[in-house]
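> Handing you this structure, nothing more for now.
All of the numbers you see were taken from the coordinates with simple rules; none came from a lab. Note that the structure is a prediction, hence the values are computed from the model and not measured. Every residue, glycine as well, gets a Cβ built from its backbone with ideal geometry; the counts of neighbours run over all protein chains shown.
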Amino acid sequence: MLKTGTAFIVSAAVLATVVAACAPRPAVPPKPDENAIRTALTAQLAKLPAIFPAKDVATLVDLFTQDATWILPDASTFVGRASIESGAKGVLEAFGSASISAIVIDKLVIVSDSEAVTFVHQNYTMTVKGKPESFVNPFADLWRKGADGVWRIAYEVNANGPATPAAPPAH
């Protein structure tokens, strides 16, 4: 036979378990809308092909959050919009002309309805010292949706390399 104190503790534990089991469960938040997020990010990335040929620093900088980090292929790192603006001016002034292909999202990872990560690549041709060269630029972006509803880059890291020519068709 259980002692009175032990019986009380067991009864209280059983009652707490029953109450917890009957309590309403918190609502499961809706899944973020992948199509809407992909569409919004694609629209932001679609600005890049026009930015580089026009050397449009303001539009490039507006793609970033106020406290963003932008890392270039040579590991130059710019933190905050003022620093990114300075870096963008240097990058955009360094070449004669540029032509960028469409940007391709290789992978989209949705963290929440206001945060996502993209792994992207673009092919481009840049003229430096009168000689056009073709490159591929894979980059990863951490995106955050602002209070204004606009998705902006909070962290970007870039790689760069020569574009390899397409293999000849097999016979």
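> Apply the Karplus parameterisation 6.51 cos²θ - 1.76 cosθ + 1.60, with θ equal to phi minus 60°, to every residue of the stretch 45-54 and state each ³J(HN,Hα) to the nearest whole Hz, in sequence, with x for glycine and proline.
5, 5, 6, 4, x, 8, 5, 5, x, 7
> Would you mind classifying the stretch 83-171 by shape? Square roots of the alpha carbon gyration tensor eigenvalues, ordered a ≥ b ≥ c; an a/c under 1.5 is rounded, otherwise it is prolate if a/b is larger than b/c and oblate if not.
Working: a/c = 3.17, a/b = 1.38, b/c = 2.30.
Oblate shape, in that a/c is at least 1.5 and b/c is the bigger or equal ratio.
> Further question on the same structure: For the stretch 94-106, take each phi angle, set θ = phi - 60°, evaluate the Karplus expression 6.51 cos²θ - 1.76 cosθ + 1.60, and give the result in whole Hz per residue in order, putting x for glycine and proline.
These are the phi-based 3J(HN,Hα) values: 7, 10, x, 8, 8, 9, 10, 6, 4, 8, 10, 7, 7 Hz.
> Follow-up question, since we're still on this one. Using amide H atoms built 1.01 Å from N in the peptide plane, name the residues 5+ places from ILE103, or on other chains, whose amide H lies under 5 Å from its own.
For ILE103, no residues qualify.
> Got a sec? Charge dipole of the stretch 34-162, +1 on Cβ for Lys and Arg, -1 for Asp and Glu; which of ILE84, ASN123, ILE103 is way out at the positive end?
ASN123
> Here is the link list: LYS89/LYS129; LYS47/LYS145; LYS31/LYS107; LYS107/LYS131; LYS55/LYS131. Which ones come out longer than 22 Å on Cα distance?
On the way: LYS89/LYS129 18 Å; LYS47/LYS145 17 Å; LYS31/LYS107 18 Å; LYS107/LYS131 33 Å; LYS55/LYS131 18 Å.
The answer is LYS107/LYS131.
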